[in-house]
Amino acid sequence: MRSYAKSIELYERTRKSLAGGVSSNVRYAATPVPLFFERGEGARLYDVDGNVHIDYVLGNGPAILGHAPKPVIDAVAATLSLGQVYAAQHPRETVLAERLCRLLPGIEVVRFASSGTEAVLMAFRLARAFTGRTKILKFEGHYHGWSDQAYISARPPLNEAGPANAPVPVAGSPGMPPSVLDDTVVAGWNDLDLLAQAFERHKGEIAGVIMEPVMVNGGPTEPRPGYLEGARDLCRANGALFICDEVITGFRAGLRGAQGRYGVTADLTIYAKAVAAGFPLAMVGGRRDVMDTLLDKGVMHGGTYNGNVQSMAAALAALDVLEADDGAVYRDLEARGTRLMQGLDAICRKHKVPARVQGLPAIFQVFFTDGPAPSNYRDAVACDRDRALAFHCALQEEGIRTNQQAKWFLSTAHDDAIVDETLAAADRAMAAIA
Ligand SMILES: Cc1ncc(COP(=O)(O)O)c(C=O)c1O
């Protein structure tokens, strides 16, 4: 048995001064306590008890190049003596904005922010200002940050969520004003009829439709063929903006995100996480006429840390790696992730554990179910979560770190040898829970 004695001791101490012992509620979910790490390098994390973990959490997505990637760290280090925040412009912002506009589908103009949560709020404000409407339509099981306006029906208990064909918005936290629910329409994802019906029920009211183009937070699930195109067309027909939240899928579903992968372009897109390989950077970008409401209509967007020197440097250095040879690293990522998914699938079958390994090669989950492949949030939550937790715990004992839903993020640092090591460990972990 691995020992976590030092983590447990530090957690008890930390709880006395840091609320709940963590800086984000998501981090409560760890076994036996939120673990304390000393350092990360490549695909591995090293905890305070001396345990080594092959990390498939990767900061919940950002560390696309693994931990402490040298080109990024060197580029950031080279800026440390130049200052951090100027409350003014600097040339790295120009260069990064130009590169992103050149690279990403549908991005004519960008604005930088520091977290996905705030970038989502900006997209909502732009959509409302541009259309003159108030309501935002979002999908059950899709997470767009923890703000009052967005943390609605992200993981709703089904006994509160209403019927599948017309879900009711469910506030995700105490302390959220009930009025935010009036401005939010919730629909089931991956079903164009449900979206069309929601538009019908709220004719002329919906400013924007936001979605994770691949549902990741509710359980990694690809859009059905034609779904993204259909959703975009329904938005157009109803005068609403189509907003893609690529905070996770950006620079992970491929060099050009999910929109590049599936060939569908949104009116507005939010990127964060992998865009700066782990440094705090988010952005909203999209159609020039929509982004221009910042100037034309005086839409307010601020943020002290926006465009800070180190995040710009990190993103530029990350892009150098990610863009090289038109995204060659993604071809490797795709191949290794596919091998990992297929290997895990074979392990489940070998141990006669009914499961489906689903998602994209760089972000997937082992769903424990003997039913059909999940296609939306309600399917995903019907899978056996106790078994997923048991698998997560057994993996941790074998030195493999996933999140508690047994969700896996992959980085370019997970090479073939690490994939082999992981599959051998996963085989033992599955035997332990079978
Ligand atoms: C799809 C999606 N959107 C928005 C966010 C919020 O981003 P942040 O945690 O940077 O505020 C997240 C965070 O996990 C996310 O997964």
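Quick notes on this one:
Yes or no, residue by residue, for (1) at negative phi; (2) surrounded by 22 or more Cβ atoms within 10 Å (Cβ to Cβ):
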| position | (1), (2) |
| --- | --- |
| PRO178 | yes, no |
| TRP189 | yes, yes |
| ASP193 | yes, no |
| GLN197 | yes, no |
| ARG201 | yes, no |
| GLY204 | no, no |
| ALA207 | yes, yes |
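- In the stretch 21-35, of all residues being within 12 Å of the ligand (Cβ to nearest atom) and part of a helix (DSSP H, G or I), the one that is nearest to ALA394 (Cα to Cα) corresponds to ARG27.
- Any chance ASP49 is within 30 Å of GLU397 (Cβ to Cβ), under 20 Å from the mean Cα position of the chain (by Cα) and of a type in the set (D, E, K, R): no
- Counting the residues of the stretch 1-19 that are surrounded by 13 or more Cβ atoms within 10 Å (Cβ to Cβ) and more than 22 Å from GLU397 (Cβ to Cβ) gives 2.
- Out of ASP370, ASP416, ASP384, ASP420, one residue alone is of a type in the set (D, E, K, R), in contact with a Ser or Thr (Cβ under 7 Å, 6 or more places away or on another chain), at pLDDT 95 or above and surrounded by fewer than 17 Cβ atoms within 10 Å (Cβ to Cβ). It is ASP384.
- Looking across the stretch 89-148 at every residue that is assigned to a loop (DSSP other than H, G, I, E, B) and within 20 Å of ASP320 (Cα to Cα), the one that is farthest from the ligand (Cβ to nearest atom) is identified as HIS90.
- Of everything listed in (1) modelled with pLDDT under 95; (2) closer than 28 Å to GLY250 by Cβ, the single unmet condition for ALA434 is (2).
- Residues in the stretch 201-252 that are acidic (Asp, Glu) and touching a strand residue (DSSP E or B) at 6+ places or on another chain (Cβ under 6 Å) were compared, and the one that is farthest from the ligand (Cβ to nearest atom) is GLU205.
- Criterion violated by LEU137 - all others in (1) closer than 25 Å to SER24 by Cα; (2) surrounded by 19 or more Cβ atoms within 10 Å (Cβ to Cβ); (3) of a type outside the set (S, T, N, Q) satisfied: (1)
- Top-ranked residue in the stretch 334-393 [being part of a helix (DSSP H, G or I) and of a type in the set (Asp, Glu); ranked as nearest to MET215 (Cα to Cα)]: ASP379
The values are calculated or read from the model by the stated rules, or taken from the named source; none is laboratory data. Predicted, not measured: the structure shown is a model, and the values here were computed from it. A quick note on method: Cβ atoms are made from the backbone with ideal geometry, for glycine too, and the neighbour counts reach across all protein chains shown.
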